[in-house]
Structures are given as C-alpha cells and as structure tokens.
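**Student:** Supplied in structure tokens, the structure appears directly below.
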C-alpha cells in the first residue's frame, strides 16, 4: 500500500505542468493526509488519488464570427471533477487567463465547497479563454451559441448544471440558456444564475458576498463578538466585493477600501451605502475605474498599482482573484491587528500567507467555506426549478444563513485544535473531504 505522501508525489508528477491545480491539491493535502493516516479505510480505498483525478475532462473548439465577418477560434472546457454526492455543479469562466490548470484547480475546490453546503451537488468547472470585454452583444451571443452547441451534449439538469463565474453574467447565461433550449427542445434547470423572470432565484447576485459576511459573523459569535464597529478592508469591486461591503455596512461595520486591477481606494471616513451605490454605478459602466471615486469623494485616497493589505483593519476580505495576498501582505495585516481573514475569491491567499495566518492564530476562513454562499443559492435555485416554484427573498436569505451556519459548524467540528483555536482551513478541508469520500467508498470503485 502506498504511503499518503507518495500519493501526493504521484499527483504532482502526473500534473507537473499545472501549477494552480497543484497548489490547490497541496493545500488540501496538508490537512487531509494526516486525517487519512488515522482512518485507514480512506487510505486503503485510495480516495485521495481518486478525488484528485477528474472523472471527465472535456476540451473543445469554439469557432464564431465577429462583427467584421471574420472567423475567430477559442478553446472551451468543462471539468467534471466528482459526482459522488450529486450532479456536477460549478461555474463557467470566460477570461483570457483560463487554462486547463486553472479550471482543474477551481473544479477541485468546488468538490469540497459543494460538499460543505450539505446540498446534493458534485463538483465541476468550465469556461473559455474568450474575453467578453470590448465585445458587442451580438459577438457575445454568437460566441455563447457556439460554446453551448458543443457543451450541450455534456450537461443536463441531472448530469451537470453550470453557472456563471468571471466574465459570465446574466447576459451570457441568457444566451447560453437560449441556445440549450433551442438544441434540446426543452425548458429545464440546466443553468443557474438565471434571471428571476425565467427560473432564477432571489438574492443569487448577492449570495456570495452576503454568505461571506454571514460566515464571518459565525466566527465572531464563537468569540462573543459582533461586526458592529469593526473596520473592514476589502479587495475587488465586482459583484462579490460590492455585496460583501453592503452586508458589512448593514451590520454596522466600517468598510475602508475597495479596489480593481489598477489600484485601490482608501476612505478613512468609511464607505457608506450611498458611496457604495456610486461604486456600483462605476462598475456597471465597463470603462469605469475605482480611481474615479476620489473625484466624487476627495477625502479618500487612491493608491495606484497597490493592494489594500497595508491598511489597518480588524477584518480582511480578499475578493478579487487568486494569489492576490502573499506572505508579506499577511505579515502587514497581522502587525496591524487584523484578526479575521475570510476569502470571497477562490484561493486569493498564497500558501505563505495562509501559513502566516495560521501560525499567528488569525481566524483564516478559506474560500471553500467562506464563499460557498453563491453555490449554495445556486443549489437552492435548482431545487426551485425542480418544484416549478419561486421562494421569497426572505426564505432564500434564511436558508442561506442556515447553510453558512452549518458550514461553520462543520469547520469547528473538524478544525478545533487542542488549545481551543479553530483552524478553519483544516476544518473545511476535512469536513468537505469526509462526505465525498464516504460516498465514493459506498459506491465502489467507479
């Protein structure tokens, strides 16, 4: 029988050209492999080797015609990672940075994230290196129709249910759904993130940001604290960052920063709901940049080309992109008294940063737990589609809070250390692993 570390080495050799995927697998392995050593049933069934190998990888050509009448060719992917506890579930990302490695990392994380929600969803991810920015609606439509023409043969309401991700919003979901409906001649819940008028769910746009803050509140409850009066540093200014900021403000916290790829703004007076509305309007205009904020609110400062992790705060919410917060950034946050870091993006903290947080006993909540609100409400959208019924905003929000509470409880169960500190990274990894692993063992070698 191979030792568990040998299992990790085999995975590293097999996927040597996929750094993002290996980073995600290694991060999980640090928590899960010691647990496997204590529970030989997982080791004997080689669960870790199996869970790190996609059940299916689909890669395809996406030809489309631009507004000049010229043929363009992009590459499409769907990673169907694990279906032990339900149909594959995970977003589609349209961005030039999309590669097989990035999507395998996201699909691997999705398996654990979906498991933690308690809903019957497996893990998957997909997308294309197509960039919707700067494209006309007609160009985006033609691309989406070509993409779905191939993808449609690999997905279904009981097989694989994609959603949106970076570069895939309501517009893209609409075009994708319309083409699927045309090809299959049926109206089914094959995509989530749909508009309310045709099968979507209440608070789906808000879900990831709101869920992130609900998870932070659960952390605070274990310490006898609340968000009221706490200072928050947020990176990003897109969907997740906006609604995380909104919920923080509603709960009485003071949001100090938001950012985009060019730099960040720092408002020592705090970003209130009126100022947040201004930022939302900026982002609705694809050409709007966060630096324009200081023209409207001159008491704020703009830091060109920098990230906000040097700003003193109680809570840090990295919501932009992977590996945006490194070890040196973590040291700055710790030195400035930050005691809670919760990931709204997927893997925004580097391994060095995570090590610093855990060593300093900072409450670090990984994305697979803290940002699971989005996929949780996607799962609730699937349930509503099956019922042919829409729940109220209040009911969906209550269910989201309940799911984030349950995820936190799982993290506490598996992550509490001997000194009473909760290692949320360890708890999320083991908690997500156990449910999927037990299902894989029950279903045999498949």
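**Student:** Do we have residue 353 as assigned by TED's automatic domain parsing to the domain that holds residue 244, part of a helix (DSSP H, G or I) and surrounded by 18 or more Cβ atoms within 10 Å (Cβ to Cβ) here?
**Tutor:** yes
**Student:** Any residue in the range 205-228 that is more than 24 Å from the chain's Cα centre (by Cα), modelled with pLDDT of 95 or more and within 15 Å of residue 78 (Cβ to Cβ)?
**Tutor:** Checked against the condition, which is being more than 24 Å from the chain's Cα centre (by Cα), modelled with pLDDT of 95 or more and within 15 Å of residue 78 (Cβ to Cβ), the range 205-228 yields no hits at all.
To keep it simple, each residue is scored yes or no on (1) surrounded by fewer than 23 Cβ atoms within 10 Å (Cβ to Cβ); (2) outside any helix (DSSP H, G or I).
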{"site": "108", "(1), (2)": "no, no"}
{"site": "111", "(1), (2)": "no, no"}
{"site": "115", "(1), (2)": "no, no"}
{"site": "121", "(1), (2)": "no, yes"}
{"site": "127", "(1), (2)": "no, yes"}
{"site": "131", "(1), (2)": "yes, yes"}
{"site": "140", "(1), (2)": "yes, no"}
{"site": "161", "(1), (2)": "no, yes"}
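**Student:** Scanning the range 356-392 for residues that are outside any helix (DSSP H, G or I), in contact (Cβ under 8 Å) with a residue 24 or more places away in the chain and more than 16 Å from the chain's Cα centre (by Cα), which turns out surrounded by the fewest Cβ atoms within 10 Å (Cβ to Cβ)? Show your work before the answer.
**Tutor:** Filtering the range 356-392 for residues outside any helix (DSSP H, G or I) gives 360-366, 371-372, 388-392.
Filter again for in contact (Cβ under 8 Å) with a residue 24 or more places away in the chain, leaving 360-366, 371-372, 390-392.
From the residues that got through so far, the ones that are more than 16 Å from the chain's Cα centre (by Cα) too are 360-363, 390-392.
On the way: 360: 15, 361: 14, 362: 18, 363: 21, 390: 16, 391: 18, 392: 9.
In this case the residue turns out to be 392.
**Student:** Another question, if that's okay. So which of 88, 77 ends up being over 27 Å from residue 134 (Cα atoms) and assigned by TED's automatic domain parsing to the domain that holds residue 172?
**Tutor:** 88
**Student:** Can you name every one of the helices (runs of 4 or more DSSP H) wholly within the range 7-105 that holds 2 or more residues which are at pLDDT 95 or above and under 27 Å from residue 159 (Cα atoms)?
**Tutor:** Answer list for the range 7-105: 19-38, 47-51.
**Student:** Look through 211, 270, 252, 200 and report the one residue that is under 30 Å from residue 153 (Cβ atoms) and either touching a strand residue (DSSP E or B) at 6+ places or on another chain (Cβ under 6 Å) or not assigned by TED's automatic domain parsing to the domain that holds residue 143 (or both).
**Tutor:** 200
**Student:** Just a yes or no: is a residue in the range 303-317 surrounded by 16 or more Cβ atoms within 10 Å (Cβ to Cβ), modelled with pLDDT of 95 or more and more than 27 Å from residue 225 (Cβ to Cβ)?
**Tutor:** yes
**Student:** Which of the following residues is buried (at least 18 other Cβ atoms within 10 Å of the Cβ) and either in the same structural domain as residue 326 (by TED's automatic domain parsing) or touching a residue at least 40 places away in the same chain (Cβ under 8 Å) (or both): 415, 432?
**Tutor:** 432
**Student:** Moving on. Looking at 79, 85, which is the one that is within 21 Å of the chain's Cα centre (by Cα) and in contact (Cβ under 8 Å) with a residue 60 or more places away in the chain?
**Tutor:** Step by step, each of 79, 85 is checked, and only 85 is within 21 Å of the chain's Cα centre (by Cα) and in contact (Cβ under 8 Å) with a residue 60 or more places away in the chain.
The values are calculated or read from the model by the stated rules, or taken from the named source; none is laboratory data. As the structure is a prediction and not an experimental result, all values here were calculated from the model. When we count neighbours, we look across all protein chains shown, and the Cβ atoms used for this are built from the backbone with ideal geometry, even at glycine.
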